[in-house]
Amino acid sequence: MRSIDQVYIDGAFVTPHGGEIADLFNPATEAKIGEVRLGDATDAQAAVAAAKRAFPALARASKAERIAMLRRLHEAVSARPEEMAQAMREEYGAPKYFVDGSVARAGSAFLDMAATLEGYDFSRRIGRAEVTMQPLGVAAAITPWNSNYGFICGKLAAAIAAGCAVVIKPSEMSAIQTQVLAERLHAAGLPAGAYNIVNGRGDVVGAELGAHPDVAKVSFTGSTAVGRTILRAGAQTLKRVTLELGGKGPNIILADADLDRAVPTALMSGLANSGQACIAGTRILAPRSRLPEILERLATAAAALKTGDPADPGTVIGPMVSRKQYDRVQDYIRLGLDEGVRLLVGGPGRPEGLARGWFVRPTIFTDVTNDMRIAREEIFGPVLCVIPYDDEDEAVAIANDTAYGLQAYVHSSDVAHARRVAERLACGRVVINDAPHEPLAPFGGFKQSGLGREYGVFGLEAFLEPRAILA
C-alpha cells in the first residue's frame with residue numbers, strides 16, 4: 001500500500017495544506033493499492049508564488065543554460081526506467097509495449113526540446129524592428145491520466161526551454177506515477193520554483209490555476225468539456241491557452257490499400273493504449289467495394305488480440321483506468337446496440353476468463369452511419385466503428401463531418417495518393433500507413449480538438465511572446 005502525502009513546491013517535497021484523501025487502484029485487479037493526499041487552492045497559490053519568484057532568473061538564463069537544464073532532466077528521468085514502468089503498469093494498467101514506449105519518450109522529450117532550442121533564434125530582424133521572443137511568465141500545465149509521464153515531461157520541457165516557470169497539476173489518479181517521476185525530476189537539480197507539482201482535483205487545483213492572475217499561460221490536455229471551462233476561466237485575465245482535447249479520428253482505408261498491411265495497422269491505430277487515446281482512429285472508413293474482405297480481416301485480427309495482464313508481453317489491450325471509465329465504455333457499447341448497428345466482434349461485459357479488473361471486450365461495430373452517437377462522441381475505450389463509403393469524395397466528407405479534428409489515418413499502397421487525400425482532411429495531424437512518430441512535428445487539433453500546438457518549434461513558441469523594438 002503506497003501513501004502519497006506530499007506535493008512538490010519551491011524545490012522541496014512538502015505536506016500539502018489540503019487534507020482530502022483519494023484512493024488509488026490497480027485497474028487490472030480492482031485492488032486498492034494506495035492513497036494520495038490532495039492539494040487545495042492554498043497549495044496551488046503557494047506553487048504559483050514559488051514559480052513567480054523563480055521566473056526572473058529562468059527568463060534571463062541563456063540558451064546554453066536552458067539546454068543544460070534539459071539535458072540534466074533527461075539524464076535524471078532516464079536513470080531508473082523500470083521503477084517508472086512498474087508504477088505505470090500497476091496504477092494505469094497499460095500493456096507492456098505502451099509502458100515501455102511511454103517511459104522512453106518521457107526522457108527523450110527533454111532531448112527533443114534541447115535539439116529544438118539549439119537551432120532556435122530568439123531574435124530576428126523584421127524591417128526596421130528587432131523582434132525578440134520573450135517568455136510569457138508563470139505557466140500552468142494540467143495533464144491527464146492516459147499518458148502521465150509523456151504529458152508532464154513534454155510540457156515541462158517546452159516551458160523550461162522558453163524560460164518559463166511552471167506549476168504542474170497532474171491527474172490525481174496517477175499519483176504513484178507522478179511521485180516516481182517527481183523524485184527523478186528533483187534529482188536533476190533545477191532552481192527552486194522552476195517547476196512545482198500539486199496533486200489535486202481539477203475543480204479545485206485546476207480551477208485555481210486557471211483563474212489565478214499570476215498565471216500567464218495554461219497548457220491543458222484532456223476532455224473538450226473541461227477545455228471549454230479552462231478557456232472561459234482564462235479569458236478573465238486573457239491567459240494564453242493551449243488546449244489538446246478530444247478526438248474521433250477517421251481511419252481511411254483507400255480502395256488501393258494493401259489489406260495485409262492496412263487492416264492490422266488501422267486496427268492498432270484505434271486500439272493502442274487500450275483505446276484510451278485522444279488520437280485513436282476509432283472511425284474506420286472502408287470502401288464499399290472491399291467491405292466484405294475488410295470486415296473479415298478485422299474480425300480475424302481482433303479475435304487474435306490478447307486482453308489481460310498488463311505485465312504479459314503478449315497483452316495488447318489492458319483494463320480501463322477506473323470503474324467509472326469501464327462503466328462509461330460499457331454504456332457506449334450498449335448504446336451502439338440500441339442504435340441498431342451490427343456487432344462484428346466484442347460486445348458488453350468482460351472478456352472471457354477475466355472475472356475481475358476493468359477489462360472491456362474489444363468491440364467493432366458495422367452498419368454504422370456517421371450520424372450515430374457512437375460515431376460522433378469520443379468513447380475512450382477499445383470500441384471501433386466501421387463506416388462504408390462509395391468514393392473518395394464521400395470518404396473525405398465523412399472524415400471531416402465531426403466536431404473534432406485531432407489526428408487522422410490514411411492507408412494506401414500509393415503514398416502520393418494517400419498524401420492527396422491527407423491534404424483534404426481538417427485535422428492537426430495525418431498519419432499515412434504505419435509512418436513512425438515524429439516528435440518535432442507540431443501536435444494539436446482543429447475545431448473542438450483544441451487550440452495551439454505542442455512539440456518542436458511550435459510547442460516552444462506556445463510559451464513565448466514576440467516583442468518588437470523600433471529604433
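Coordinate-derived values only; no laboratory data. In this text the structure is predicted, and so the values were computed from the model without any measurement. Note that each Cβ is placed from the backbone with ideal geometry, even for glycine, and that neighbours are counted across all protein chains shown.
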Burial ordering of His17, His212, His417, His437, fewest other beta-carbon atoms within 10 Å first: His437, His17, His417, His212
Net charge of Cβ neighbours under 10 Å - reference His411; Lys, Arg +1; Asp, Glu -1: -2
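Within the chain, which is the longest segment containing none of the GluC sites (Glu not before Pro) that sit in a DSSP loop and have at most 13 other Cβ atoms within 10 Å? Display every interim value, and only then the final one.
Working: sites that count: Glu352, Glu423.
The answer is 1-351.
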Lys, Arg +1 and Asp, Glu -1 on Cβ, resulting dipole of the chain about Cα centre, debye, nearest 20: 1120
Alpha-carbon centroid distance for the pair the range 213-281 / the range 454-471, whole angstrom: 24
For Ile230, net neighbour charge (Lys/Arg +1, Asp/Glu -1) across residues whose Cβ lies under 13 Å away: +3
Equivalent ellipsoid dimensions for the range 48-110 as semi-axes, Å, which come from the Cα gyration tensor, largest first: 30, 15, 8
Per-residue Cβ neighbour rank within 10 angstrom, fewest leading, Ile9, Ile279: Ile279, Ile9
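In debye to the nearest 20, how big a dipole does the range 21-75 give about its Cα centre with +1 on each Lys and Arg Cβ and -1 on each Asp and Glu Cβ?
580
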Among (1) 140; (2) 286; (3) 131, the entry derived from the coordinates for volume of the Cα convex hull per residue in Å³: (1)
Residue exposure sequence - Leu343, Leu70 - by fewest surrounding Cβ within 10 Å: Leu343, Leu70
Euclidean distance between Cα centres, the range 1-77 to the range 122-190, Å: 12
Dipole of the chain, positive end: most advanced residue of Cys385, Gly346, Leu73 [Cβ charges, Cα centre]: Leu73
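Which trypsin sites (Lys or Arg not before Pro) in the range 314-411 sit in a loop by DSSP (not H, G, I, E or B) and have at most 13 other Cβ atoms within 10 Å of their own Cβ?
Details: sites: Arg323, Lys324, Arg328, Arg334, Arg342, Arg356, Arg373, Arg376; in loops: Arg356.
Passing both the DSSP loop test and the Cβ count: Arg356.
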Antiparallel DSSP beta bridges within the chain, percent to nearest 5: 40
The range 354-401: translational diffusion in µm²/s, Stokes-Einstein, Kirkwood Rh over Cα pairs, 4 °C, 1.567 mPa s: 104
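As an exercise, find the ratio Rg/Rh for the range 250-432 from alpha-carbon atoms, using the Kirkwood inverse-distance average for Rh.
Numbers: Rg = 15.5 Å, Rh = 16.3 Å.
For the range 250-432, the value is 0.95.
Indicate, rounded to the nearest 5 percent, the antiparallel portion of the DSSP beta bridges found entirely in the range 250-432.
Just about 15 percent of them are antiparallel.
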In degrees, nearest ten, helix 81-92 long axis to first principal axis of the chain (Cα): 60
Ellipticity estimate at 222 nm from DSSP helix runs (n ≥ 4, -39,500 (n - 2.57)) divided over the chain, nearest 500: -12000 deg cm²/dmol
Amide H within-cut-off set for Ser219, under 5 Å, with H built and near neighbours excluded: Ala140, Ala141, Ile142, Thr242
Charge dipole of the range 250-432 about the Cα centre (unit charges at C-beta), most positive-ward option of Ile364, Pro313, Ser412: Pro313
Principal-axis tilt of helix 224-235 within the chain, Cα atoms, nearest 10 degrees: 30
Rounded to the nearest 20 debye, dipole of the range 250-432 from Cβ charges on Lys, Arg, Asp, Glu: 680
Amide proton proximity set for Phe25, modelled H, under 5 Å, gap of 5+: Ile33
Residue-count net charge about Gly206 - beta-carbon cut-off 11 Å; Lys, Arg +1, Asp, Glu -1: -1
The range 65-144: trypsin sites (Lys or Arg not before Pro) in DSSP coil with no more than 12 other Cβ atoms inside 10 Å: Arg128
Placed amide H near Tyr195: partners under 5 Å, 5+ positions off or other chain: Val166
